[in-house]
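Undergrad: A single structure is presented below for examination.
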């Protein structure tokens with residue numbers, strides 16, 4: 001058996017406007033996450049260009065990409081990816097460390113981000129002391145803390161119960177509307193996907209259907 | 001990432017795996033402690049020996065001899081393992097024979113710049129010394145010394161003798177015990193009898209014996225020169241003339257073969273020595289002797305330090321191991337850091353800083369422990385077998401040793417962390433985020 005090249009994405013031509021809320025649905029392995037990771041600067045396309053805010057990511061160096069992820073992108077993960085030894089505030093402040101924001105200023109900014117997601121009273125709590133919904137709120141606050149332009153959420157509600165799922169979706173929609181944040185949401189949940197301005201269906205690395213909300 | 005953040009993160013990460021990191025730091029501590037303790041003991045002992053050399057051959061003194069070869073030190077000069085040495089000059093005699101210096105040579109030496117005082121070096125061998133009224137005789141080395149040199153010895157009792165002194169002496173501390181004195185003060189004012197038999201007796205020829213009486217006016221602190229009795233140059237010359245059976249010795253007729261030349265500042269000693277050499281005479285300074293001691297100690301210290309360095313080498317493997325484990329455990333965390341804006345360089349420097357923190361802490365703790373141990377060794381030895389050498393610091397920690405050892409362990413740790421840091425930096429962020 002030799003190595004086989006699999007095109008996670010093929011022939012994608014997609015434009016997303018600023019402030020748009022786009023959801024991406026499709027079966028596992030259809031390339032949803034890869035698309036998100038490429039837009040987020042965590043992965044690079046082997047061919048083709050990806051231009052975000054006038055910057056061509058396919059030509060960017062590692063330090064340019066990391067600065068891009070730091071300043072323009074906010075990632076929200078399915079598994080939250082919080083640092084268990086840090087409290088909520090320290091978790092939220094992590095991107096500020098790499099943005100070289102001074103120590104004293106960091107906690108203030110991080111606290112504001114936590115207040116935005118409604119966790120102003122949980123700043124000293126460790127992730128283990130928070131509920132699933134609260135953990136994801138910390139994750140969202142971390143994604144917001146550097147004032148990014150784009151929020152990339154990969155199955156943000158996949159590990160939550162229905163009540164928490166609703167509230168997280170409300171929060172994301174609110175951030176999209178009130179802050180003008182571009183929101184890309186990968187999800188299995190059609191209900192959530194339908195609340196987007198545009199819903200993309202993916203299969204085998206290609207966009208098979210694009211539906212605007214009426 | 002700013003430098004304070006780097007330090008904060010590095011040290012706080014060390015606290016996360018306390019036991020494992022403590023053990024790794026302990027390995028560094030052992031290496032750093034060994035190196036610094038052994039070097040500090042070496043410095044202490046070398047310093048002590050150097051002091052002893054300076055008390056016999058002060059740093060502002062150049063010894064001058066008629067024979068250019070006589071002070072040659074080294075394996076060849078000792079006729080041991082080195083190349084047979086060529087005899088310099090056109091005079092008769094070998095490499096260790098001496099002839100009186102000529103008046104002209106002495107004048108030339110006196111005329112050199114920076115030469116302050118020129119005295120004959122008195123050669124003399126005494127049979128024994130005994131306390132007046134006692135028949136117990138003891139070995140002795142008579143040291144006729146000029147006043148400035150006498151004053152370099154620390155006394156525990158009494159006073160110094162001057163160049164004009166006649167019939168007075170300073171005895172080595174070790175004589176107190178054998179003479180039966182319970183305190184140094186008790187010895188002052190007592191008479192000792194020094195017996196001298198003429199040099200001809202050394203090769204079995206008929207010779208006379210004479211006794212000289214001296215009053216003890218001073219007692220030295222304990223030094224390695226345990227059998228010395230210091231007398232004035234005048235008294236020394238008198239005894240030496242009898243010993244050599246040469247009444248005109250140290251006069252213009254038969255000047256001394258060796259001169260003790262004092263220069264007006266120890267920084268000029270080597271310069272004067274080289275000018276003496278240009279006159280075709282033999283010369284030696286304390287820096288020559290100290291240089292040899294320094295070389296020997298350098299070798300001994302290097303061998304001893306090697307054990308500490310081996311320990312540090314093993315510790316560096318432990319650092320590599322610890323950090324690789326840490327990279328595995330924190331793969332997901334590394335993924336998150338990259339996702340929120342850490343570059344490869346940042347991740348690399350973060351892990352390097354953690355290694356450096358281990359090295360720094362290990363070095364600092366190691367030096368601190370060695371310092372305390374050195375202090376204890378110092379106190380214990382002075383309370384026991386070094387009781388009489390109160391000025392002897394067996395363990396000495398100069399600032400450069402402290403800084404040097406900490407720098408060494410930090411550098412070794414940084415080198416050890418390069419590979420784990422490189423691995424962490426190269427992790428794929430997407431795979432890291434999926435890592436369970």
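Please treat every number below as a calculation from the coordinates, not as lab data. These numbers come from a predicted model, not from an experiment. FYI the Cβ positions are ideal-geometry reconstructions off the backbone, even for glycines, and counts take in every protein chain you see.
Undergrad: Can you compute the modelled spin-label distance between residue B:139 and residue B:388, with each label point 7 Å from Cα toward Cβ, in nm?
TA: 1.3 nm
Undergrad: Helix B:399-426: angle to the longest alpha-carbon principal axis of chain B, degrees 0 to 90, nearest 10?
TA: 20 degrees
Undergrad: If you don't mind, there's one more thing I want to ask. Within 10 Å of each residue's Cβ, count the other Cβ atoms and sort A:194, A:32, B:222 from fewest upward.
TA: Listed from fewest to most nearby Cβ atoms, that is A:194, B:222, A:32.
Undergrad: Rounded to whole Å, give me the distance from the Cα center of the stretch B:13-65 to that of the stretch A:127-173.
TA: If you average the Cα positions of each part, the centres end up 58 Å apart.
Undergrad: Now for a separate question. Once fully extended, how much extra length lies between residue B:411 and residue B:202, figured as 0.36 nm per residue of separation less the alpha-carbon to alpha-carbon distance?
TA: Working: separation 209, 0.36 × 209 = 75.24 nm, distance 6.14 nm.
Here the segment from residue B:411 to residue B:202 would lengthen by 69.1 nm.
Undergrad: Using just the Cα positions, wrap chain B in a convex hull and report its mean projected area in square nanometres, one decimal place.
TA: Mean projected area of the Cα convex hull: 29.2 nm².
Undergrad: Something else about it: For chain A, what is the convex hull (Cα atoms) projected area averaged across all directions, in square nanometres?
TA: Computing the convex hull of the Cα atoms and averaging its projections yields 13.3 nm².
Undergrad: Please compute the volume of the convex hull spanned by the alpha-carbon atoms of the stretch A:154-214 and report it per residue in Å³. Could the numbers behind the result be given before it?
TA: Details: hull volume 5.6 nm³, N = 61.
It is 92 Å³ per residue.
Undergrad: Taking just the C-alpha trace of the protein assembly as shown, give me its Rg and Dmax in Å.
TA: 42.4, 136
Undergrad: Counting partner chain Cβ atoms within 10 Å of every residue's Cβ in A:31-44, what's the average?
TA: 2
Undergrad: If R0 is 25 Å, what FRET efficiency do you get for residue A:190 and residue A:14 from their C-beta distance, rounded to 0.05?
TA: Step by step, r from the Cβ atoms, then E = 0.80.
Undergrad: Per DSSP H run of at least 4 residues, take -39500 (n - 2.57); add these up for chain A, divide by its residues and hand me the 222 nm value, nearest 500 deg cm²/dmol.
TA: -11500 deg cm²/dmol
Undergrad: Provide, for q = 0.18, 0.28 Å⁻¹, the log10 of I(q)/I(0) from a solvent-free Debye sum over equal Cα point scatterers in the stretch A:51-100.
TA: -0.69, -1.11
Undergrad: A further question follows. Within a 10 angstrom radius of each residue's Cβ in A:56-63, how many Cβ atoms of other chains show up on average? Whole number is fine.
TA: That average works out to 1.
Undergrad: With the crude spin-label approximation of a point 7 Å out along Cα→Cβ, what separation in nm comes out for residue B:307 versus residue A:103?
TA: My value for the distance between the label points is 4.2 nm.
Undergrad: Additional query: Roughly how far apart, in whole Å, are the Cα centres of the stretch A:83-106 and the stretch B:408-436?
TA: 21 Å
Undergrad: Related question: Determine, at each q value in 0.11, 0.18 (inverse angstroms), the log₁₀ of I(q)/I(0) that the Debye formula gives when each Cα of the stretch B:218-338 is one equal point scatterer.
TA: Values returned for q = 0.11, 0.18 Å⁻¹ are -0.73, -1.18.
Undergrad: Counting partner chain Cβ atoms within 10 Å of every residue's Cβ in A:65-76, what's the average?
TA: Mean inter-chain Cβ contacts per residue within 10 Å come to 4.
Undergrad: How large is the helix-only mean residue ellipticity at 222 nm for chain B, computed as the sum of -39500 (n - 2.57) over DSSP H runs with n ≥ 4, divided by its residue count, in deg cm²/dmol to the nearest 500?
TA: Counting only the DSSP helices, I get -17000 deg cm²/dmol.
Undergrad: Rounded to two decimals, what is Rg over Rh for the stretch B:62-284 when you use alpha-carbon atoms and the Kirkwood radius? Write out the running numbers ahead of the final one.
TA: Numbers: Rg = 19.0 Å, Rh = 19.0 Å.
Result: Rg/Rh = 1.00.
Undergrad: Report the percentage of all Cα-Cα pairs in the stretch B:203-273 whose separation exceeds 19 Å, rounded to a whole percent.
TA: Considering the stretch B:203-273, 59 percent of its Cα-Cα pairs are separated by more than 19 Å.
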